[in-house]
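Below: one structure, written as structure tokens.
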Amino acid sequence: MAGDGTSPIGQPTGGVQSVERVLDLLEAMADAGGVAGLSDLAASSGLPLPTIHRLVRTLVDRGYVRQEPSRQYALGPRLIRLGESASRMVGTWAAPHLTRLVDALGESANLALFDGGQVVYVAQVPGRHSMRMFTEVGRRVSPHCTAVGKAILAQLPPARVHDVLRRTDFVAHTPTTITDPATYLQALDQVREQGHAMDEGEQEIGVRCVAVGLDSGPAPAALSISGPTTRMTDDLIERAVPELRAAADALAAELSMQRAVAGA
């Protein structure tokens, strides 16, 4: 570090900037699937290698990053506790919005976040019917076979989408699962055009799901409702989309406000 209070690239140093750089590196590693080399982090962050190495070594010493035998760096186990606590808080904020969806539509409502190339369900309110679709909170699924995955990826920059798809195993869970990246990209175009995403029994036979993405917020996310194909009719989907959109907008505004208050 230079003796005049500036970094090697001439920017002022200080606690706040160091925190921002650390967070940028952690997010870059998450975007890369949880594992990245120093050169990858340099390319994505624009920081010089000596600065990245110094920050990463601090993260390694604290357990937030670990060094792999390949000499790449991976997200460390100490992040799990932070992530679980954050997920619980987001789930708490989402619960009233999910409950209103269930009251309006009758089917199970879910909130999912994008994390490390996968979709993780962080909140769920079961439907009012005796036969309900339960999504286990904490469950991780591939974005290629879920409505929430499509809704989230449809909002990401093209370069990031292609990077995610390169690391996605297009496993055929059912006969309707999309297993071809080109076909999946066409499906994302359709999501952008119509404003919502569908899962037509692609994750589980007999289950239909509709989802919309949150336009803003601290992380890529989506809300959905799901249920048996016999109840998830086209009429219900048509009613569900504006309800989901309203709930997503309200939740995104609430999360943004929480973020602004925390940063004040």
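Numerical summary
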read-out: Sole residue being in contact with a helix residue (DSSP H, G or I) (Cβ under 6 Å, 6 or more places away or on another chain), in the same structural domain as LEU111 (by TED's automatic domain parsing) and in contact (Cβ under 8 Å) with a residue 40 or more places away in the chain, chosen from SER216, SER256; value: SER216
read-out: Of residues in the stretch 128-157 being more than 16 Å from ALA221 (Cβ to Cβ) and at pLDDT 90 or above, the one surrounded by the fewest Cβ atoms within 10 Å (Cβ to Cβ); value: SER142
read-out: Some residue of the stretch 232-251 being under 16 Å from the mean Cα position of the chain (by Cα), under 15 Å from HIS97 (Cβ atoms), surrounded by 15 or more Cβ atoms within 10 Å (Cβ to Cβ) and of a type in the set (A, V, I, L, M, F, W, C); value: yes
read-out: Condition check for LEU41: outside the structural domain of GLY127 (by TED's automatic domain parsing), closer than 29 Å to PRO158 by Cα and modelled with pLDDT of 85 or more; value: yes
read-out: Residues satisfying the stated conditions in the stretch 224-237, i.e. charged (D, E, K, R) and within 14 Å of ALA94 (Cα to Cα); value: none
read-out: Residue list for the stretch 21-72, restricted to those being touching a residue at least 40 places away in the same chain (Cβ under 8 Å), over 24 Å from VAL120 (Cα atoms) and part of a helix (DSSP H, G or I); value: PRO50, THR51
read-out: The stretch 143-158 residues that are in the same structural domain as GLY117 (by TED's automatic domain parsing), paired with ones that are among the small types (Gly, Ala, Ser) and surrounded by fewer than 24 Cβ atoms within 10 Å (Cβ to Cβ) (beta carbon under 7 Å, 6 or more apart); value: GLY149/SER142; LYS150/ALA187
read-out: Filter result for the condition that a residue is under 20 Å from THR92 (Cβ atoms), small (Gly, Ala, Ser) and in contact with a helix residue (DSSP H, G or I) (Cβ under 9 Å, 6 or more places away or on another chain), over ALA211, ALA240, ALA221; value: ALA221
read-out: Top-ranked residue of the stretch 199-223 - restricted to ones that are over 17 Å from LEU101 (Cα atoms) and among the hydrophobic types (A, V, I, L, M, F, W, C), ranked as surrounded by the most Cβ atoms within 10 Å (Cβ to Cβ); value: VAL207
read-out: Answer residue from the stretch 9-35, given it is on the phi < 0 side of the Ramachandran plot and modelled with pLDDT under 75 and is surrounded by the fewest Cβ atoms within 10 Å (Cβ to Cβ) among those; value: GLY15
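The values are calculated or read from the model by the stated rules, or taken from the named source; none is laboratory data. Values in this document were obtained by computation on a predicted structure and should not be read as measured data. Note: ideal-geometry Cβ built from the backbone for every residue, glycine included; neighbour counts use all protein chains shown.
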